[in-house]
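Asks: Here's a structure for you.
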Amino acid sequence: MSTEAPPLPRTLPRALAAEQTSARLIATARQAFATLGFAQVSLDTLAAEAGVTRGALHHHFINKAGLFEAVLRAVDAEIMAELDLIYDAEPDRWAALRACFHAYLDLALRPDRCRILFRDAPAVLGSRAMEILLASGYAEMVADLRALLAEGRVRDLHPDAIAHGLNGAVMAQVLWLMETDDIDQTQRAAAHAALDAVFDGFSAPRG
């Protein structure tokens with residue numbers, strides 16, 4: 001019996017090239033959107049900096065809004081990867097969720113992310129922007145909350161209601177903090193304290 005591996009599909013190089021072009025465009029656009037803002041970014045300049053034609057850019061992302069959404073998703077995925085590391089480092093499920101929400105406040109408010117996620121995204125994508133952000137990790141969080149409910153760790157409420165309450169709380173604090181360009185430590189500490197209060201409110205009473 002032959003042990004030779006089957007030949008690779010002929011389309012692989014083309015698919016790989018397309019993937020690399022897409023990644024290069026997203027990386028170039030991310031820098032531009034974070035620095036200049038959506039309105040000031042030129043697609044011709046972006047294409048030139050990424051080393052592709054304007055037609056190739058439109059082939060991959062249709063228009064500037066499509067490219068912006070791809071950047072938004074890339075930034076969101078980057079944050080979620082960092083949160084996964086924080087979650088995995090904490091053995092207690094409820095403490096892990098709390099740690100991730102606190103970390104999100106700081107990770108999402110990093111200047112190169114904040115402008116994209118919360119200043120330009122609502123104007124460019126409308127309500128879809130918040131839907132994308134809130135969907136990240138949602139199913140996993142609800143699964144955790146179901147387990148915590150079974151353990152009697154959180155109040156006897158619908159897990160989706162708790163999930164929306166926690167998501168709403170952290171987004172409210174993010175939007176409050178980003179009202180000023182220079183967030184001072186007092187504001188940041190107040191936001192974290194408010195988030196702690198929300199978690200405490202959902203925690204099951206001890207007794």
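Asks: Suppose we filter segment 163-186 for residues that are open to solvent by 80 Å² or more (accessible area, probe 1.4 Å) and without any contact (Cβ under 8 Å) to a residue 12 or more places away in the chain; how many remain?
Replies: Of the residues in segment 163-186, 6 are open to solvent by 80 Å² or more (accessible area, probe 1.4 Å) and without any contact (Cβ under 8 Å) to a residue 12 or more places away in the chain.
Asks: Which one of the conditions (1) within 20 Å of Asp181 (Cα to Cα); (2) aliphatic (A, V, I, L, M); (3) without any contact (Cβ under 8 Å) to a residue 60 or more places away in the chain; (4) open to solvent by 30 Å² or more (accessible area, probe 1.4 Å) does Ala123 fail to meet, given that it meets all the rest?
Replies: Among (1) within 20 Å of Asp181 (Cα to Cα); (2) aliphatic (A, V, I, L, M); (3) without any contact (Cβ under 8 Å) to a residue 60 or more places away in the chain; (4) open to solvent by 30 Å² or more (accessible area, probe 1.4 Å), the lone unmet condition for Ala123 is (3).
Asks: Sort through Asp112, Asp106, Asp84 and tell me the only one that's among the charged types (D, E, K, R) and at pLDDT 95 or above.
Replies: Values: Asp112 fails: at pLDDT 95 or above; Asp106 fails: at pLDDT 95 or above.
Of Asp112, Asp106, Asp84, the one residue that is among the charged types (D, E, K, R) and at pLDDT 95 or above is Asp84.
Asks: Taking the condition over 22 Å from Ala70 (Cα atoms), of a type in the set (S, T, N, Q) and in a helix (DSSP H, G or I), does Thr186 pass? Give the steps one after another, and end with the answer.
Replies: Working: over 22 Å from Ala70 (Cα atoms): yes; of a type in the set (S, T, N, Q): yes; in a helix (DSSP H, G or I): yes.
Yes; evaluated as a whole, the condition is true for this residue.
Asks: With the condition kept exactly as written, say whether any residue in segment 139-154 is open to solvent by less than 80 Å² (accessible area, probe 1.4 Å), under 16 Å from the mean Cα position of the chain (by Cα) and of a type outside the set (Asp, Glu).
Replies: yes
Asks: Something else now. For the condition in a helix (DSSP H, G or I), on the phi < 0 side of the Ramachandran plot and in contact (Cβ under 8 Å) with a residue 40 or more places away in the chain, what is the one hit in Asp156, Asp144, Asp160?
Replies: Numbers: Asp156 fails: in a helix (DSSP H, G or I); Asp160 fails: in contact (Cβ under 8 Å) with a residue 40 or more places away in the chain.
Step by step, each of Asp156, Asp144, Asp160 is checked, and only Asp144 is in a helix (DSSP H, G or I), on the phi < 0 side of the Ramachandran plot and in contact (Cβ under 8 Å) with a residue 40 or more places away in the chain.
Asks: Then there is this: Can you name the condition, by its number, that Glu131 falls short on among (1) under 25 Å from Glu82 (Cβ atoms); (2) surrounded by 13 or more Cβ atoms within 10 Å (Cβ to Cβ); (3) of a type in the set (D, E, K, R)?
Replies: Unmet for Glu131, out of (1) under 25 Å from Glu82 (Cβ atoms); (2) surrounded by 13 or more Cβ atoms within 10 Å (Cβ to Cβ); (3) of a type in the set (D, E, K, R): (2).
Asks: Also: Within segment 60-70, can one find any residue that is assigned to a helix (DSSP H, G or I), open to solvent by 60 Å² or more (accessible area, probe 1.4 Å) and either touching a strand residue (DSSP E or B) at 6+ places or on another chain (Cβ under 9 Å) or among the charged types (D, E, K, R) (or both)?
Replies: No, segment 60-70 has no match at all.
Asks: Follow-up question, since we're still on this one. Every residue in segment 79-93 that is closer than 19 Å to Ala135 by Cα and of a type in the set (Asp, Glu), please.
Replies: Across segment 79-93, the qualifying residues are Glu82, Asp84.
Asks: Taking the stated definitions as given, is Met171 touching a Cys at 6+ places or on another chain (Cβ under 7 Å) and farther than 16 Å from Asp92 by Cβ?
Replies: Values: touching a Cys at 6+ places or on another chain (Cβ under 7 Å): no; farther than 16 Å from Asp92 by Cβ: yes.
In short, no.
Asks: Residue pairs, Cβ under 8 Å, 6 or more apart or interchain, first in segment 88-116 and open to solvent by less than 30 Å² (accessible area, probe 1.4 Å), second of a type in the set (Ser, Thr, Tyr) and in a helix (DSSP H, G or I). List them.
Replies: Going by the 8 Å Cβ cut-off, the qualifying pairs are Ala96/Tyr87; Leu97/Tyr87; Cys100/Tyr87.
The values are calculated or read from the model by the stated rules, or taken from the named source; none is laboratory data. Keep in mind that what you see is a predicted model, and the values were worked out from it rather than measured. Positions of Cβ are backbone-derived with ideal geometry, glycine not excepted, and every protein chain shown enters the neighbour counts. Keep in mind that these areas ignore ligands, DNA and RNA; they rest on the heavy atoms of the full protein, side chains included. Shrake-Rupley method; radii C 1.70, N 1.55, O 1.52, S 1.80 Å.
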